[in-house]
There are 2 protein chains.
Amino acid sequence: MTKQAIMTQIYLIRHGIAVERNEDIKDETRPLTDKGRQKTTEIGQKLGEMGVKFDIILSSPLVRAWETAEILQKAKLSEKISEFAPLAPGGSLQAWVNWWLNSCYNKDEHSLALVGHQPDLGEWAELLIWGSSRDKITVKKAGIIGLTLPQTVTPIGQGELFLLTSPKWLL
Amino acid sequence: MTKQAIMTQIYLIRHGIAVERNEDIKDETRPLTDKGRQKTTEIGQKLGEMGVKFDIILSSPLVRAWETAEILQKAKLSEKISEFAPLAPGGSLQAWVNWWLNSCYNKDEHSLALVGHQPDLGEWAELLIWGSSRDKITVKKAGIIGLTLPQTVTPIGQGELFLLTSPKWLL
């Protein structure tokens, strides 16, 4: 395989259903609901049955995302899991690009899960694929955006979309 | 519901697996293979189980697309089915927009299936969603692109993507 043919598969996964915002809990610490855990577990099982594997799961540090990431790891989709602050709401895609260039560029890690939030995940996907964001990709809770990135030091606008799905369509 | 809230759901569906191009058959008349019929039938059943209904299925007149459309109709996804020449390869999205304005604008038809070909379906989706096409959406055979369009006389660039899936991910 030539270097040009190496693609990174990136699965942008939104956290599962979490408890509603309320005055008694900080947004950052809202956990998944029982239904959120259940659906996310089913998504993890389905991905496992399909043979999906990640070299690493990067997760927003917010509790609802981190719990989602842990469920995916428990489904044996990845050995590695790591908090990644730029995946928090309003985080920086460029920070992730820098991580990707350091961690994946010309290396053997070619399947990544990024667990985070809306509208950020849709915006990141649009930026990676089309180079600009217009809030045109809606990913549901525990839903997945799948895109491929070629080996390039300037990945913005170079991606291709291969998947946009949700528990309704996947389970 | 206000008029502004009325959305058309559009499912761009690629034909199933067809017999390979060869000298003995015109491209226009290539039929689905047995495997293509089987996968397309399973997709139709799955959509039926999910409660998906189309007000009409429009199909490219090419045999592999028309056979796909007929299979979807036999799965009871739509009462109406119609050949639509602009869905043939290289066809005009503007011709479809004109049809949509005549047939759907401010009317009660809000769920459409368009059966056709690549790269056209991906290009149509990009044009409807982002207003320009860069070949960034890959839809597999018997795969589906789902987008919503608001009620507008200028739908180009106004759509939102809610689904991109394939038999691998849907079945």
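The values are calculated or read from the model by the stated rules, or taken from the named source; none is laboratory data. For clarity, every value in this text was computed on a predicted model and none was experimentally measured. When we count neighbours, we look across all protein chains shown, and the Cβ atoms used for this are built from the backbone with ideal geometry, even at glycine.
For first residues located in segment A:138-152 and at positive phi, partners that are of a type in the set (Val, Ile, Thr) and lie 6+ apart or on another chain with Cβ distances below 8 Å form the pairs A:Ala142/A:Ile13; A:Ala142/A:Ile17; A:Ala142/A:Thr40; A:Ala142/A:Ile43; A:Ala142/A:Thr68. Only one entry in B:Ile137, B:Ile129 is surrounded by 18 or more Cβ atoms within 10 Å (Cβ to Cβ), within 13 Å of another protein chain (Cβ to nearest Cβ), closer than 28 Å to A:Ile43 by Cα and in contact with a helix residue (DSSP H, G or I) (Cβ under 7 Å, 6 or more places away or on another chain), namely B:Ile137. The number of residues in segment B:104-131 that are part of a loop (DSSP other than H, G, I, E, B) and at pLDDT 95 or above comes to 4. For residues that are in a loop (DSSP other than H, G, I, E, B) and farther than 17 Å from A:Lys39 by Cβ, scanning just segment A:152-170, find the one that is farthest from the other protein chains (Cβ to nearest Cβ). Residue satisfying both the conditions and the ranking: A:Val153. Of the residues screened, A:Gln118 is not one that is under 20 Å from A:Gln9 (Cβ atoms), polar (S, T, N, Q) and within 15 Å of the chain's Cα centre (by Cα). In the set (1) within 14 Å of chain A (Cβ to nearest Cβ); (2) in contact with a Phe, Trp or Tyr (Cβ under 8 Å, 6 or more places away or on another chain); (3) over 26 Å from B:Gln45 (Cα atoms); (4) among the hydrophobic types (A, V, I, L, M, F, W, C), B:Leu149 fails one condition alone, (3).
For segment A:6-17, the criterion of being of a type in the set (D, E, K, R) and over 30 Å from A:Thr154 (Cα atoms) is met by none of the residues. Suppose the filter is crowded, with 17+ Cβ neighbours inside 10 Å and either away from chain B (no Cβ under 14 Å) or in contact with a Lys or Arg (Cβ under 8 Å, 6 or more places away or on another chain) (or both); does A:Asp27 pass it? Spelling it out, it is not the case that A:Asp27 is crowded, with 17+ Cβ neighbours inside 10 Å and either away from chain B (no Cβ under 14 Å) or in contact with a Lys or Arg (Cβ under 8 Å, 6 or more places away or on another chain) (or both).
Residue-by-condition table, conditions (1) charged (D, E, K, R); (2) free of Cβ contacts under 8 Å to residues at least 40 places away in the same chain; (3) surrounded by fewer than 21 Cβ atoms within 10 Å (Cβ to Cβ):
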residue	(1), (2), (3)
A:Ile57	no, no, no
A:Ser60	no, no, no
A:Ala69	no, no, no
A:Glu79	yes, yes, yes
A:Phe84	no, yes, no
A:Pro89	no, yes, yes
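Which is exposed (fewer than 15 other Cβ atoms within 10 Å of the Cβ) and at pLDDT 95 or above, of B:Ala142, B:Ala95? Exactly one of B:Ala142, B:Ala95 is exposed (fewer than 15 other Cβ atoms within 10 Å of the Cβ) and at pLDDT 95 or above, namely B:Ala95. Within segment B:83-132, the set of residues being of a type in the set (A, V, I, L, M) and in contact with a Pro (Cβ under 9 Å, 6 or more places away or on another chain) comprises B:Ala85, B:Leu87, B:Ala88, B:Leu93, B:Ala95, B:Val97, B:Leu101, B:Leu128. Highlighted here are the strands (runs of 3 or more DSSP E) found entirely within segment A:1-103 that include at least 2 residues which are among the β-branched types (Val, Ile, Thr) and within 28 Å of A:Ile129 (Cα to Cα): A:7-14, A:56-59. Among the criteria (1) modelled with pLDDT of 95 or more; (2) closer than 23 Å to A:Pro119 by Cα, the one A:Arg21 does not fulfil is (1).
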